[in-house]
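Beneath this line is the structure, given in structure tokens, with notes to follow.
Throughout, read-outs are computed from the coordinates displayed, never taken from laboratory work. Keep in mind that this is a model prediction, so the values were computed, not measured. All Cβ positions, even for glycine, are placed from backbone atoms using ideal geometry, and neighbour counts span all protein chains on display.
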Amino acid sequence: MKTNQNLTPEGVQINQRLSKHNKKNQKNVISLFSGCGGLDLGFHLEGYETIWANDFNHYACETFKKNFGNIIVEGDIEDIDPLKDVPECDIILGGFPCQDFSLLWKQPGLNGERGNLYKSFLRFIDAKKPKAFVAENVKGLLTANNGKAIRQILHDFETIEPGYLVIPKLYNFADYGVPQFRERILFVGIRVDLEFEFKHPKATHGPNCSQPYVTVEEAFQGVSEAKFNNEHQNIAPKTKALLELIPEGGNFSDIPKDNPLYVKGMISHVYRRIKRDEPSKTIIAAGGGGTWGYHYPEPRPLTNRERARIQSFPDDFIFEGSIAEVRRQIGNAVPPQGVRALAKALLPLFTGKYKHTDIRKIRDELMNSDLDKRIKNITSK
């Protein structure tokens with residue numbers, strides 16, 4: 001972490017908390033498409049340190065600065081030369097933009113305007129040659145362009161010199177202690193000359209695990225006392241009346257069709273209310289009224305702090321911007337708790353305490369394997 005210079009009092013608080021985790025086995029991180037810093041926070045809590053970051057969104061950068069210090073560069077990643085402008089690092093983290101791959105929208109994939117921004121991620125890996133990288137994206141990437149997108153992306157990652165063994169896995173973050181059913185692909189790449197055979201961590205929460213899922217009710221304990229980003233939004237009387245017709249865990253489809261408040265054509269995630277005894281459904285970043293996520297038993301939208309709790313952010317992680325901007329940051333973030341097990345599984349690579357394996361051979365076998373079989377391995381538990 002940076003020193004406390006230029007941090008707010010709240011930023012100093014989180015800086016001190018993170019620093020306790022960063023004194024031993026420090027690993028330098030470059031963070032791309034950083035957003036508010038959820039992925040970085042998960043790695044920080046396992047002893048890594050982000051030394052340079054980049055994002056295009058102004059308020060996400062302001063949030064990052066407030067919580068991590070002034071180490072983020074605001075601006076278009078295409079304007080940055082990683083050889084001249086970026087320090088050396090041990091690992092690169094980032095979630096390249098996923099709009100063109102999301103299941104919620106049409107899937108132009110590699111042909112979309114933003115679908116090729118992953119190539120900026122490639123450019124940084126090629127320039128810095130980190131020991132490892134972790135890239136995050138949505139589940140829809142597996143089927144974009146009829147499978148051509150995932151095939152191309154894997155090939156591009158794997159053939160960066162001197163070669164990387166790339167092991168993707170579909171994570172449901174509820175399986176790792178996040179109070180939310182949220183699926184994302186995490187690509188882990190290991191430089192082949194290091195001979196470290198990485199294995200994704202097994203689930204820790206849920207059926208057949210040592211711990212049960214973390215529920216919304218558990219996540220919300222004491223949330224009304226949280227100081228930051230906990231404002232209540234105004235709600236129209238009509239919306240309040242509509243919510244009172246929807247049971248716990250229900251959504252718009254539970255409104256009787258003969259009720260005047262029912263509108264034909266609504267989709268199921270609209271006016272979705274929490275179910276307190278299980279993890280939340282996926283918190284989303286944007287959308288109009290009806291997509292905000294709604295409390296139960298209170299007939300109201302969730303506050304941003306409640307959304308942040310669902311995303312496993314601590315209360316002293318402070319978000320900058322309007323309510324809508326903060327909601328967007330939270331919905332776009334990687335849940336920090338969800339990646340801590342992965343960050344921990346990578347630690348032997350940096351201590352040198354691991355059995356050396358010819359992973360170049362493993363990489364070559366994977367590159368020549370059947371894509372359908374490989375995707376099946378990505379989605380298996």
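General remarks:
- Long-range HN-HN contacts of E197 with modeled amide H, under 5 Å: T357
- Expected 222 nm ellipticity per residue - DSSP helices of 4 or more, -39500 (n - 2.57), all of the chain, to 500: -8000 deg cm²/dmol
- Close amide-amide hydrogen proximity is noted between F319 and no other residue 5 or more places distant or on a separate chain, at a cut-off under 5 Å (H modeled in the peptide plane; Pro and chain starts excluded).
- Comparing G287, P314, N304 along the charge dipole axis of segment 280-324, the residue lying farthest to the positive side is G287, per the Cβ-charge model.
- Cross-link partners for K66 among the lysines, with Cα-Cα distance under 16 Å and sequence neighbours closer than 8 places in the same chain left out: K2, K227.
- Each of M266, F157, Y171 was placed along the dipole of segment 129-276 (beta-carbon charges, centred on the mean Cα), and the one lying farthest toward the positive end is M266.
- Gaussian network model of the chain, springs between alpha carbon atoms under 10 Å - residue of P130, P97, P207 with greatest fluctuation: P207
- By average C-beta atoms within 10 angstrom, highest first, the peptides 336-342, 31-37, 81-87: 31-37, 336-342, 81-87
- 3J(HN,Hα) along segment 51-56: 10, 7, 8, 8, 7, 8 Hz, from the Karplus curve 6.51 cos²θ - 1.76 cosθ + 1.60 with θ = phi - 60°, whole Hz, x for Gly and Pro.
- Violating pairs (Cα-Cα greater than 18 angstrom) within the set K169/K202; K27/K355; K27/K128; K355/K381: K27/K355; K355/K381
- Of the GluC sites (Glu not before Pro) found in segment 29-97, those that fall in a DSSP loop while having at most 12 other beta-carbon atoms within 10 Å are E88.
- Amide hydrogen neighbours beyond the local backbone of I246, cut-off 5 Å, H modeled: none
- Note that segment 28-33 has calculated 3J(HN,Hα) couplings of 8, 10, 9, 10, 10, 6 Hz, one per residue in order, obtained from phi through the Karplus relation 6.51 cos²θ - 1.76 cosθ + 1.60 (θ = phi - 60°); glycine and proline are x.
- Over segment 134-286, relative contact order from alpha-carbon pairs under 8 Å, at least 6 apart, %: 21 percent
- Given +1 at the Cβ of Lys and Arg, -1 at the Cβ of Asp and Glu and no other charges, the dipole of the chain around its Cα centre is 740 debye to the nearest 20.
- Relative contact order (%) - the chain, alpha-carbon pairs under 8 angstrom, separation at least six: 18 percent
- Loop-located GluC sites (Glu not before Pro) in segment 212-305 (DSSP state other than H, G, I, E, B) with a sparse environment of at most 14 neighbouring Cβ atoms within 10 Å: E231, E244, E248.
- Burial order of peptide ranges 366-372, 38-44, 141-147, 199-205 (average beta-carbon count within 10 Å, highest first): 38-44, 141-147, 199-205, 366-372
- Nearest-20 debye value, segment 171-230 charge dipole, Cβ charges on Lys, Arg, Asp, Glu: 100 debye
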